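A short write-up of the structure that comes next.
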Amino acid sequence: MIAISNLVKKYGQQLILNIPSFQFNKGVYWIKGANGSGKTTLLKILAGLIPFEGSVSVEGVSQKQHPLSYRKLISWAEAEPLYPDFLTGKELLRLYQQIRNASDAEVNGLTRLFPINSYAGNKTATYSAGMLKKLSLTLSFIGGTRLILLDEPFITLDADACKILGAYISARHKENGTTFILSSHQDPRKFLDTCTTLSIQNQTLLP
Ligand SMILES: Nc1ncnc2c1ncn2[C@@H]1O[C@H](COP(=O)(O)OP(=O)(O)OP(=O)(O)O)[C@@H](O)[C@H]1O
């Protein structure tokens, strides 16, 4: 599903990641690691957001050779989402729907997941951290992408929302074969049916 080859990431002279080779089959993956170990950096690399040495491909599509096709396969939700204050959740949902060519039925169904309809008409400036997180996760689920990258998806979510998120990930993986990679300092396995644990240690990714 994902193939990493000779991946090296440095910030200045500081080596952050050195992953000679790694393959992800379809699945649900939890990446753990100490603060500053490189989890967010790896997710950003897989999302195509930051430069790196080496190669990454998803379903045979190389990020460097076919960046547009590659990005169409992937969704990303960041740990602490931020949106322009003046936009409403509904406007963002519409934007993602248009970009990802999703149906009204799909988007309406996703807005009922957490649910976010009661506040999506308001400007994002008025949202709490958890409300923003629910919006950002909902946006990342739009469009049937094959790989969904979630950076600390459980932070700021209440207990019910954590259960809803875990059930959604498990069901979507089972029904559509979507691969999820999530980073978390909390053990997410209590919310997930299946989950493969990986860790980043000494700048590399280990099973
Ligand atoms: N833009 C940047 N410029 C310079 N160094 C950076 C930058 N972003 C991250 N780093 C460094 O890269 C290393 C890995 O950071 P990263 O955010 O990937 O860690 P993490 O495992 O996600 O950490 P945490 O669990 O604290 O969120 C850290 O040493 C960090 O200081």
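The values are calculated or read from the model by the stated rules, or taken from the named source; none is laboratory data. Since this is a predicted model, take the numbers as computed values, not measurements. Because the Cβ atoms are built from the backbone with ideal geometry, glycine has one as well, and the counts that use them run over all protein chains shown. Ligands, DNA and RNA are stripped out before the accessible areas are found, and what is left, the full protein with its side chains, is counted by its heavy atoms. Shrake-Rupley method; radii C 1.70, N 1.55, O 1.52, S 1.80 Å.
At a glance:
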item: Number of positions in the stretch 80-90 that are more than 16 Å from the ligand (Cβ to nearest atom) and open to solvent by 80 Å² or more (accessible area, probe 1.4 Å); result: 3
item: Flag for ILE181 being within 22 Å of GLY33 (Cβ to Cβ) and among the β-branched types (Val, Ile, Thr); result: yes
item: Condition broken by ILE155, with the remaining ones in (1) within 20 Å of LYS44 (Cβ to Cβ); (2) among the β-branched types (Val, Ile, Thr); (3) away from the ligand (no atom under 16 Å from the Cβ); (4) surrounded by 14 or more Cβ atoms within 10 Å (Cβ to Cβ) satisfied; result: (3)
item: Near pairs, Cβ below 9 angstrom, 6+ apart or cross-chain, from the stretch 181-192 (closer than 25 Å to GLN23 by Cβ and open to solvent by 50 Å² or more (accessible area, probe 1.4 Å)) to any residue that is part of a strand (DSSP E or B) and within 12 Å of the ligand (Cβ to nearest atom); result: ASP187/LYS32
item: Leading residue by the ranking (most open to solvent (accessible area, probe 1.4 Å)) among those in the stretch 103-120 that are out of contact with any helix residue (DSSP H, G or I) (no Cβ under 7 Å at 6 or more places or on another chain) and closer than 22 Å to ALA161 by Cβ; result: ARG112
item: Candidate set: the stretch 30-55, residues that are open to solvent by 20 Å² or more (accessible area, probe 1.4 Å) and more than 13 Å from the ligand (Cβ to nearest atom); chosen: the one farthest from ALA171 (Cα to Cα); result: GLU53
item: Residue match in the stretch 124-138 (condition: surrounded by 13 or more Cβ atoms within 10 Å (Cβ to Cβ), assigned to a loop (DSSP other than H, G, I, E, B) and not hydrophobic (A, V, I, L, M, F, W, C)); result: yes
item: The listed residue being under 27 Å from ASP187 (Cα atoms) and within 16 Å of the ligand (Cβ to nearest atom), out of ALA77, ALA3; result: ALA77
item: Test result for THR156, within 15 Å of SER140 (Cα to Cα), modelled with pLDDT of 95 or more, out of contact with any Phe, Trp or Tyr (no Cβ under 8 Å at 6 or more places or on another chain) and hydroxyl-bearing (Ser, Thr, Tyr); result: no
item: When residues of the stretch 1-15 are limited to those that are among the β-branched types (Val, Ile, Thr) and open to solvent by less than 20 Å² (accessible area, probe 1.4 Å), the one nearest to the chain's Cα centre (by Cα); result: ILE2
item: Subset of the stretch 12-40 (residues that are touching a Lys or Arg at 6+ places or on another chain (Cβ under 8 Å) and closer than 11 Å to SER183 by Cα); result: TRP30, ILE31, LYS32, GLY33, GLY38, LYS39
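Every residue, every condition in (1) of a type in the set (Lys, Arg); (2) within 17 Å of LYS133 (Cβ to Cβ); (3) at pLDDT 95 or above; (4) out of contact with any strand residue (DSSP E or B) (no Cβ under 6 Å at 6 or more places or on another chain), yes or no:
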site: LEU73; (1), (2), (3), (4): no, no, yes, no
site: PRO81; (1), (2), (3), (4): no, yes, yes, yes
site: GLY89; (1), (2), (3), (4): no, yes, yes, yes
site: ARG94; (1), (2), (3), (4): yes, no, yes, yes
site: GLN97; (1), (2), (3), (4): no, no, yes, yes
site: ALA102; (1), (2), (3), (4): no, no, yes, yes
site: ALA105; (1), (2), (3), (4): no, no, yes, yes
site: ILE116; (1), (2), (3), (4): no, yes, yes, yes
